[in-house]
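Structure, as structure tokens:
The values are calculated or read from the model by the stated rules, or taken from the named source; none is laboratory data. Just so it is clear, the structure is predicted and the values come from calculations on it, not from any experiment. We place every Cβ from the backbone using ideal geometry, glycine too, and count neighbours over all the protein chains shown.
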């Protein structure tokens, strides 16, 4: 029985359409790259804002984290619909269509995953010793140089861990992606959508295989994040 089950699983693996995994990884990488720099920029701006302005900005930027993904997806669909001003402008001026396209996968993943990167970057910046920044200012360093030479190096572990979490969230996004990009095989169908489809078809064994694959990737991401923190602690201990 065990050998028969393993043989069946191996047959399923050989017959799998790997495009959903490739689309998910590609979407996760693109969304992480965009969210990484946007998150750092937004976190830096938030640090400069006053307490009231920071509270409002923080609420706006982290709202996708607490909204249901389908609600965020509906908002994005209303914004980028070809019948709406933004979607119509992008299509007529640049020939860009966000709805029902891989670009829609990226946009949805960025919106959903960005708050994680923003919160991680802001937490990393807040933990930096302000005395180092004050000392650099007394030495005449510009704010841009202080940010490059002091803030970024000291915040690097937090930024890297935020990037890892962002990738994991972007790769596993389902609700907003389904609303905005649809489920087009070979174009916008991600692993999350594939699992939902095969479960609806009653093929729980194939769904289980996909779950194992995704779980292995998630485990690798968690290990990577732990290694980043361990390296940071070892560096701090030796210095």
Exactly one of 53, 59, 73 is touching a residue at least 60 places away in the same chain (Cβ under 8 Å) and closer than 21 Å to residue 114 by Cα, and that residue is 73
Checklist line | Test: residue 207 is outside any helix (DSSP H, G or I), surrounded by 15 or more Cβ atoms within 10 Å (Cβ to Cβ) and at pLDDT 80 or above | finding: no
Among helices (runs of 4 or more DSSP H) entirely inside the stretch 100-169, those with 2 or more residues being closer than 26 Å to residue 77 by Cβ, at pLDDT 90 or above and out of contact with any strand residue (DSSP E or B) (no Cβ under 9 Å at 6 or more places or on another chain) are 102-126
Of the listed residues (103, 116, 141), the one being surrounded by 20 or more Cβ atoms within 10 Å (Cβ to Cβ) and either within 25 Å of residue 177 (Cα to Cα) or without any contact (Cβ under 8 Å) to a residue 12 or more places away in the chain (or both) is 116
Expected single match for more than 21 Å from residue 174 (Cβ to Cβ), buried (at least 18 other Cβ atoms within 10 Å of the Cβ) and more than 19 Å from the chain's Cα centre (by Cα) among 95, 87 is 87
If we keep only residues of the stretch 210-229 that are at pLDDT below 85 and closer than 13 Å to residue 171 by Cα, then the residue surrounded by the most Cβ atoms within 10 Å (Cβ to Cβ) is 221
Residue pairs within 8 Å by beta carbon, gap of at least six or interchain, first lying in the stretch 169-183 and surrounded by fewer than 21 Cβ atoms within 10 Å (Cβ to Cβ), second in a loop (DSSP other than H, G, I, E, B), listed first then second, are 174/190; 175/68; 182/99; 182/100; 182/188; 183/189
